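Report on the structure given below.
The values are calculated or read from the model by the stated rules, or taken from the named source; none is laboratory data. From a predicted model like this one, the values you see are computed outputs, not experimental measurements. Cβ atoms come from the backbone with ideal geometry, glycine included; neighbour counts cover every protein chain shown. These accessible areas exclude ligands, DNA and RNA; they are computed on the full protein's heavy atoms, side chains included. Shrake-Rupley method; radii C 1.70, N 1.55, O 1.52, S 1.80 Å.
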Amino acid sequence: MKKTGHVLVASASGTVMLNGKTLEFGSRGSALLVDIYRRCVGDYPKFFKMDPLSRLGFVASELLLGEEKPRKQDCEDRAVVLFNRSASLADDLLYQETIQDPGNYYPSPAVFVYTLPNIVTGEIAIRNKYYGETAFYVFEDNDEEAFMAIVEQLFQDGTTTSAICGRVECEDAETFEAELFIVEK
């Protein structure tokens with residue numbers, strides 16, 4: 001297996017690095033994701049309906065895939081496998097707020113759909129028409145060895161030849177970090 005491409009997006013510092021080069025956006029937090037989307041993507045309006053975790057994974061994957069020549073799309077041999085430590089906790093807390101008060105009980109379907117962390121892998125797969133495996137794993141620690149063991153297992157199915165992999169951590173709309181790369185067989 002070999003890693004190709006690398007993207008890092010961090011809200012606290014406003015850092016966006018693509019294949020070792022720093023991209024300047026001049027914003028932080030949720031504004032950073034919108035800036036990346038507007039400057040580098042711009043053609044997927046569903047972005048504005050996504051939760052912060054999905055926005056993060058989506059723009060990070062778009063940056064990464066934008067460097068791929070030719071960009072791989074509409075295929076069965078690419079997987080999307082992401083990891084983090086908090087699952088969809090930020091959205092879980094938002095959803096809890098909509099059902100907290102028994103006198104004002106209003107469960108929000110718009111928030112509920114994002115209480116599953118694997119939605120971000122689905123958004124990436126839908127955008128690119130990837131029909132391979134999608135998975136989201138939650139690990140308490142940043143265990144690179146465990147991540148790579150899972151990724152290696154992907155390639156045992158006889159179909160998968162590449163995967164978008166990495167960490168997408170989102171504490172809330174303003175605090176997040178993603179580090180993605182492509183692994184090829």
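At a glance:
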{"item": "Accessible area, probe 1.4 Å, largest first, for residues Tyr37, Tyr137", "result": "Tyr137, Tyr37"}
{"item": "As computed over region 19-136, the Cα convex hull volume per residue (Å³)", "result": "127"}
{"item": "Relative contact order [Cα under 8 Å, 6+ residues apart], the chain, whole percent", "result": "34"}
{"item": "Cβ-placed point charges (K, R +1; D, E -1), dipole of the chain about Cα centre in debye, nearest 20", "result": "840"}
{"item": "Gained length - Ala135 relative to Asn118, 0.36 nm times residue gap less alpha-carbon distance", "result": "5.5 nm"}
{"item": "Over 23 Å [Cα-Cα, region 80-185], rounded percent", "result": "35"}
{"item": "Accessible area expressed per residue, region 1-132, with surrounding protein chains retained (probe 1.4 Å, Å²)", "result": "51"}
{"item": "Sulfur and carbon atoms: percent of accessible area, region 73-185 [1.4 Å]", "result": "50"}
